[in-house]
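Novice: Shown below is the structure under consideration.
The values are calculated or read from the model by the stated rules, or taken from the named source; none is laboratory data. Note that the coordinates shown come from a computational prediction; the quantities given were computed from them, not determined experimentally. Here Cβ is always computed from backbone atoms with ideal geometry, including for glycine, and neighbour counts include all displayed protein chains. Note: accessible area is taken over every heavy atom of the protein model, side chains too, but ligands, DNA and RNA are not part of it. Shrake-Rupley method; radii C 1.70, N 1.55, O 1.52, S 1.80 Å.
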Amino acid sequence: MSELRRAQRLVINAPAIVESIGQGPMHLHPNLAAVFRRVQADATTIGKRFPAVVRDLSTNGAFISAPPLPLLSRVAVKFDVKSIGAIDAVGWVLWQRAEDCELPMPTGTVSLPKGFGVLFESIPLEIRSAIAALEIGRAHV
């Protein structure tokens, strides 16, 4: 498969806790409210908290293997990466794989688990830098 992502992915297998958190209300001046548009987070699963597994990670986001959340869910994700430590991130579900999937490849079959892709909204800069350093290290191995 060709790689079209902007950031290289690190393959990991990190147990995680995911919580659907939604987004807080915005209070805008009436003049701004009349012209302001914002993507609204899916609110159907707010408060849902469950174990999951982070399968791959980049500076921009992660793939989380778990029953998929609705698109545009806003989530808090907590997990550990051995060479980085504890990671607490907030992100948005931008895609989902509803079921496990098998893909034929020239060298055999690739199994892809169900789950969802999260684009990070908020992750500490030092964590993002540590992920980038690991990406660079693996790219030169």
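Novice: So, Glu102, is that one without any contact (Cβ under 8 Å) to a residue 12 or more places away in the chain, open to solvent by 20 Å² or more (accessible area, probe 1.4 Å) and in a strand (DSSP E or B) or not?
Specialist: yes
Novice: Just to be sure before I move on: is Ala43 touching a residue at least 12 places away in the same chain (Cβ under 8 Å) and surrounded by 18 or more Cβ atoms within 10 Å (Cβ to Cβ) in the structure I sent?
Specialist: Spelling it out, it is not the case that Ala43 is touching a residue at least 12 places away in the same chain (Cβ under 8 Å) and surrounded by 18 or more Cβ atoms within 10 Å (Cβ to Cβ).
Novice: A further question follows. Scan segment 104-111 and tell me whether some residue there is at pLDDT 95 or above, touching a Leu at 6+ places or on another chain (Cβ under 9 Å) and not polar (S, T, N, Q).
Specialist: No, that holds for no residue.
Novice: Looking only at strands (runs of 3 or more DSSP E) that lie completely in segment 6-69, which have at least 1 residues being within 17 Å of Ile131 (Cα to Cα) and touching a helix residue (DSSP H, G or I) at 6+ places or on another chain (Cβ under 9 Å)?
Specialist: It comes to 10-20, 49-57.
Novice: Also, I was wondering about something else. Within segment 114-141, take every residue that is in a helix (DSSP H, G or I) and within 15 Å of the chain's Cα centre (by Cα) and give me the one that is surrounded by the fewest Cβ atoms within 10 Å (Cβ to Cβ).
Specialist: Arg128
Novice: Tell me, yes or no, whether segment 22-37 has at least one residue that is closer than 17 Å to Phe116 by Cβ and in contact (Cβ under 8 Å) with a residue 40 or more places away in the chain.
Specialist: yes
Novice: Take Arg74 and tell me if it is surrounded by fewer than 13 Cβ atoms within 10 Å (Cβ to Cβ) and either under 21 Å from Lys114 (Cβ atoms) or free of Cβ contacts under 8 Å to residues at least 24 places away in the same chain (or both).
Specialist: No; evaluated as a whole, the condition is false for this residue.
Novice: Out of Ser111, Ser83, which single residue is assigned to a strand (DSSP E or B), on the phi < 0 side of the Ramachandran plot and open to solvent by 70 Å² or more (accessible area, probe 1.4 Å)?
Specialist: Just one listed residue meets the conditions, Ser111.
Novice: Let me ask something additional. Can we say Arg38 is among the charged types (D, E, K, R) and open to solvent by 80 Å² or more (accessible area, probe 1.4 Å)?
Specialist: Criteria met by Arg38.
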